[in-house]
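Single-structure report; data block below.
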């Protein structure tokens, strides 16, 4: 039996506002269960818990100068971008990363069955829940919180 | 054919000829499950001109880490539709002299003596260059 508070789908549906208050304002992890021929469950958690769970996920970017400018490469995710200088390459890499994450989230049903992609889920989630472009850039390139 | 670089269009054709699975958003993603259950995969931006050459700094990463090929020659063989050898299991990168862009950084930006440069592994040297660009200025 799960250690997380569990409620039935029909109850959650009827009391969604109270459920969200519990999750968001009282940091209560909640599982919602639905019996529909098979056992279905989904988890609700506040942003702070997700941030803490993913807080240790880090990214290393290799800087690779060449004759035409500079390439940047995100290790592990194995994606790169190129520009004539570092700011241009960083801007392009941000765009590449957004596309990569969007595709990854869309391909979850497939990628979760591929072990070497499934192990990238923490990194993909960390990038996916970045609040804005600035935080996404900070995750990848470092820099102080503003 | 080391030194020769493909166009993005050729990378697409390689993936199609080698049976990569394609999914499209505003980019084309190509994935392939290899015989050991691990995967290879690459991505082509739709805005990228087919005839544009893959940048020199990215090409070694693309054939080795994304396409997971055993050697660069496998790409050109695969582009012609021949069977290719994937890097299964992944082999460690052999110890090689530091590439020119790293030695240049260590000499010209960090002014390290030759003896110290010679003692640095490629990974350590790359870490120093990364730190330089990300503003951390890590010491060797």
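Every number here is computed from the coordinates shown, using simple stated rules; none is lab data. Worth saying up front: this structure is predicted, and the values here are computed from it rather than measured. No Cβ is skipped: glycine too gets one built from the backbone with ideal geometry, and neighbour counts run over all protein chains shown.
Across peptide B:57-70, the average count of Cβ atoms from other chains found within 10 Å of a residue's Cβ is 4. The mean count of C-beta atoms from other chains within 10 Å of the C-beta of residues in A:67-78, rounded to a whole number, is 4.
For the segment A:57-64, counting C-beta atoms of other chains within 10 Å of every residue's C-beta and taking the mean gives 5.
Comparing B:73, B:36, B:87 in a Gaussian network model of chain B, where Cα atoms under 10 Å apart are tied by springs, the biggest mean-square fluctuation is seen for B:36.
Full extension of the chain between residue B:96 and residue B:83 gives 1.9 nm of extra length, using 0.36 nm per residue less the Cα-Cα distance. Computed from the C-beta positions of residue A:132 and residue B:16 and an R0 of 45 Å, the FRET efficiency is 0.75 to the nearest 0.05. FRET efficiency for the residue A:40 to residue A:116 pair, using the beta carbon distance and R₀ = 22 Å, is estimated at 0.20. Normalised by the number of residues in chain B, the mean separation of alpha-carbon contacts (under 8 Å, six or more apart) gives a relative contact order of 19 percent. Once the Cα atoms are used to define both axes, helix B:122-133 deviates from the longest principal axis of chain B by about 80 degrees. Take the alpha carbon gyration tensor of chain B, find the square roots of its eigenvalues, order them as a ≥ b ≥ c, and report rounded if a/c is under 1.5; if not, report prolate when a/b exceeds b/c, else oblate. Prolate, because a/c is 1.5 or more and a/b exceeds b/c. Note on chain B: with a GNM built from Cα contacts shorter than 10 Å, the maximum mean-square fluctuation among B:17, B:77, B:110 falls on B:110. Alpha carbon centre of region A:116-146 versus region B:1-51: separation in Å? Each part's Cα centre sits 25 Å from the other's.
The overall shape of region B:8-79 is oblate: from the C-alpha gyration tensor, with semi-axes ordered a ≥ b ≥ c, the ratio a/c is 1.5 or greater and a/b is no larger than b/c.
Within the listed set A:61, A:32, A:79, the Gaussian network model of chain A (springs between alpha-carbon atoms below 10 Å) gives the highest mean-square fluctuation for A:32. Rounded, prolate or oblate: which fits chain A when a ≥ b ≥ c are the square roots of the eigenvalues of the alpha-carbon gyration tensor, with rounded for a/c under 1.5 and prolate only if a/b beats b/c? Prolate, since a/c reaches 1.5 and a/b exceeds b/c. Working from label points 7 Å from Cα in the Cα-to-Cβ sense, the residue A:60 to residue B:108 distance is 2.5 nm.
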